[in-house]
Amino acid sequence: MYLRSAVVLLIAVLVNAESNIVLNGTYAACDGGYCMPKHLCPTGRINDVSNLGPNRLVTVRIGEENECGDFMKICCKNPEQINYKCGVSNPQGMVYDVESELTYAKYAEFPWTVVIFQKASSGNNPMLAHVGGGSLIHPKFVVTTAHTLKDSQRYVARFGEWDMESDGEIYPTQDIEIWETIKHPHFRDVSPPENDVALAVLKENVIYSEHIRPLCIPSAQDNFDGQRCIASGWGLDVRTGQPPAMMKRMELNVLSHTRCLTSFYLFGLIVMLHDSNKCVSAVQDQNYCFRDGGTSLACQRADGSYVLAGLPSWVLYCNIPAVPAGILDVTKFAHWINETIEEYEEPKSKL
């Protein structure tokens, strides 16, 4: 199934996106810099923290007039120094010390994780229905599974989310409409799906922050077989039988194509596994499940950064974690992803 319905038997030299992202194009210009949130540039100059108050808190003066017209912002000098390298997590989380009997992601632990909602109605306050997820890889693009985004529907991507039932987190989320969906030309809506990958083009650029950062795209030469990786999302939590409010954190082992087929066979399942697919097995008590489609399987490199190794695409029995779940092998699509982004941006660069 596509992480949404049960199936018993299924018959069925590259550019690496590790460049730093400069924020200049996403903020209004001011005298000698750009108007930015004070928590990103507390004193008006990058990396200058000498004037921060007690406990390193950022001082905001209610109603203060400034050239940015917003007391929560400041004219930040030398913003060209602000770079957010891809694949940098917050392994200890931010701000909150979470206590729970179950394991969840820490706040901002995986800052590239995106929630995708379908706009269920029109108007100023449309109803939003959670349908899946994605990974932020560029200020304008999110990678997700092609089956998650239907051509006839409208979608919104949310960045910086953690607890879906609360708006009390310290940093705000960003909701941005998906302007266009670019599906892989050889995507086939079969079981299991083939070449199940798409780029969601955002209506406006994401503003990067400490809790909103991109994930790296792998190269075609990367191989993650046998590696333990991390998945995140808000799909059904098989431990509770309910959709989780908090972002899930799942440790999964990446299986080779051959190991996938062998694992399914041992469970008495015959699966025709397309070359674009691999699978993962749960380390502990949960695997991908309903509405996890399109979220990231992030694997760590030797330098500590994370790379998008796979996209959860389909699953047979998510309530039996021992049964592997199917993923799209992103290494096979790195060239298409990078080339598509370059082609999309090229006309604008010639204006």
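Name all residues of region 273-296 having a backbone nitrogen under 17 Å from the label point set 7 Å from the Cα of ARG154 along its Cα→Cβ direction, giving them as ranges. Hits in region 273-296 for ARG154 at 17 Å: none.
Counting Lys and Arg as +1 and Asp and Glu as -1 over every other residue whose Cβ lies under 13 Å from the Cβ of HIS211, the net charge comes to -2. Ranked from largest to smallest solvent-accessible area, with a 1.4 Å probe on the protein heavy atoms, MET127, MET164 come out as MET127, MET164.
Which order do the peptides 86-92, 110-116, 60-66 come out in when sorted by mean C-beta neighbours inside 10 angstrom, highest first? Mind dumping the intermediate values first?
On the way: 86-92: 17.4, 110-116: 26.0, 60-66: 9.4.
Top of the packing list down: 110-116, 86-92, 60-66.
Spin-label pair ALA220-ASP285: with each label point 7 Å from Cα along the Cα-Cβ axis, the two points sit 4.3 nm from one another. Here the contact order of region 227-331, divided by its residue count and restricted to Cα pairs under 8 Å and six or more residues apart, works out to 29 percent.
Quick check for you: with a 1.4 Å probe and neighbouring chains kept, what is the accessible area per residue of the chain, in Å²? Each step should come with its number before you reach the end.
Working: 16580 Å² over 351 residues.
I get 47 Å² per residue for this part.
If you put +1 on each Lys and Arg Cβ and -1 on each Asp and Glu Cβ, how big is the dipole of the chain around its Cα centre, in Debye rounded to 20?
360
Each 5 Å bin from 0 upward holds the following percent of the Cα-Cα pairs of region 215-283: 3, 14, 19, 20, 19, 16, 8, 1. Solvent-accessible area of the chain (1.4 angstrom probe, protein heavy atoms only): carbon and sulfur portion equals 49 percent. In a DSSP loop and with at most 11 other Cβ atoms within 10 Å, the GluC sites (Glu not before Pro) in region 81-151 are GLU99, GLU101.
Students often check this: by mean Cβ neighbours within 10 Å, which of 130-137, 270-277 ranks highest, and how do the rest follow?
Values: 130-137: 25.4, 270-277: 17.6.
Highest mean packing first, the order is 130-137, 270-277.
Out of region 148-214, which GluC sites (Glu not before Pro) are coil in DSSP terms and have no more than 16 other C-beta atoms within 10 Å? Of the GluC sites (Glu not before Pro), the ones in loops of region 148-214 whose Cβ has at most 16 other Cβ atoms within 10 Å are GLU165, GLU204, GLU210. Here the spin labels are modelled as points 7 Å beyond Cα on the Cα-Cβ line, and at SER256 and VAL58 they lie 4.9 nm apart. The gain in end-to-end length when the TRP179 to MET272 segment is fully stretched comes to 30.1 nm, 0.36 nm per residue minus the alpha carbon separation.
Labels on offer are (1) 18; (2) 21; (3) 33, and the one holding percent of Cα pairs over 36 Å apart computed from this structure is (2).
Label positions at MET72 and TYR96, each projected 7 Å from the Cα along the C-beta direction, are separated by 1.8 nm. Region 134-153 and region 160-191 have Cα centres spaced 7 Å apart. Annotation: extensible slack from SER166 through ARG239 equals 24.2 nm (criterion: 0.36 nm per residue apart, minus Cα-Cα distance).
Scaled against 2.2 N^0.38 Å for its residue count N, the alpha carbon radius of gyration of region 143-246 is 1.25. Overall shape of region 227-331 was characterised from the C-alpha gyration tensor. The equivalent ellipsoid obtained from it has semi-axes of 19, 18, 11 Å, in decreasing order.
The values are calculated or read from the model by the stated rules, or taken from the named source; none is laboratory data. Everything numeric here is computed off the predicted structure, so don't read it as measured data. A quick note on method: Cβ atoms are made from the backbone with ideal geometry, for glycine too, and the neighbour counts reach across all protein chains shown. Just so you know, the surface numbers come from the protein's heavy atoms only, side chains and all, with ligands and any DNA or RNA stripped out. Shrake-Rupley method; radii C 1.70, N 1.55, O 1.52, S 1.80 Å.
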